[in-house]
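Have a look at the structure below, then the notes.
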Amino acid sequence: MKVSQKGLYALQALIMLARHENEGAIKIRDIAYEENLPEKFLELILVELKNARIVDSVRGAKGGYQLRRKASEIHLSEIMRLIDGPLAPFGDADSLRDLIESDGSHRALYQVFLQVRDAAAYILESTTIADIARIPSGPLKKSKAAKNQTPKTKPTAPSAADRSAASAVGRTPKPRASSRERDDAHSKTIAMPRREHIS
């Protein structure tokens, strides 16, 4: 099983229509713009989906395309079979079963292919366009700039011992400097010349 570019475009267009299901017909150029699809190629795909009674076209100034059925009734397997053919790695499930019966020396191999087909078919037949449309879209990872940004060092709050010692002399303790700030201050210190003792 291989999803072609045409099959991927068909799924993207249907998911977009599902997200705008309550807004009426959507123009082809709006679908193409939102999903970043080639408009001419998309038009051919939508005609094919219309002939399969999956979408409807509406004429007029406010015309466009909309789902013919509810998104919850359109399964991914239906679209993929329509655009790309059988879900099996090659041929279809019946062809694989025939090979398992007729080709004894390669029976185990064809059985694996059939298991792959059955597992993929189960997922695709149990997932609808509505299921995919409900998943929020958008970036999930932080940008590289955010990852590389060094967090600012916060000053360390004074300890209880510092506060009690300061209260004894009647002044408010200053926050402790962080280890980085202490290192910076130390590196900036200028060594003073030693004063010779004059007898």
Check Leu87, Leu114 and return the single one that is over 25 Å from Ile15 (Cβ atoms), in contact (Cβ under 8 Å) with a residue 24 or more places away in the chain and aliphatic (A, V, I, L, M). Leu114
Taking the range 12-26 as the region of interest, how many residues are part of a loop (DSSP other than H, G, I, E, B) and touching a Phe, Trp or Tyr at 6+ places or on another chain (Cβ under 8 Å)? 1
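A quick yes/no check of all residues on (1) more than 22 Å from Glu125 (Cα to Cα); (2) modelled with pLDDT under 95; (3) touching a His at 6+ places or on another chain (Cβ under 6 Å); (4) surrounded by 15 or more Cβ atoms within 10 Å (Cβ to Cβ):
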{"site": "Gln12", "(1), (2), (3), (4)": "no, no, no, yes"}
{"site": "Glu21", "(1), (2), (3), (4)": "no, yes, no, yes"}
{"site": "Glu34", "(1), (2), (3), (4)": "yes, yes, no, no"}
{"site": "Leu42", "(1), (2), (3), (4)": "yes, no, no, yes"}
{"site": "Asn51", "(1), (2), (3), (4)": "no, no, no, no"}
{"site": "Ile54", "(1), (2), (3), (4)": "no, no, no, yes"}
{"site": "Arg59", "(1), (2), (3), (4)": "yes, yes, no, no"}
Search the range 1-45 for residues being free of Cβ contacts under 8 Å to residues at least 40 places away in the same chain and of a type in the set (S, T, N, Q), and hand back the single one that is nearest to Leu67 (Cα to Cα). Asn22
Among Ala88, Ala71, the single one that is surrounded by 17 or more Cβ atoms within 10 Å (Cβ to Cβ), at pLDDT below 85 and not β-branched (Val, Ile, Thr) is Ala88
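The values are calculated or read from the model by the stated rules, or taken from the named source; none is laboratory data. Owing to the predicted nature of the structure, the values given are computational and were not obtained by experimental measurement. Using ideal geometry, Cβ is built from the backbone for each residue, glycine included, and neighbour counts are taken over all protein chains shown.
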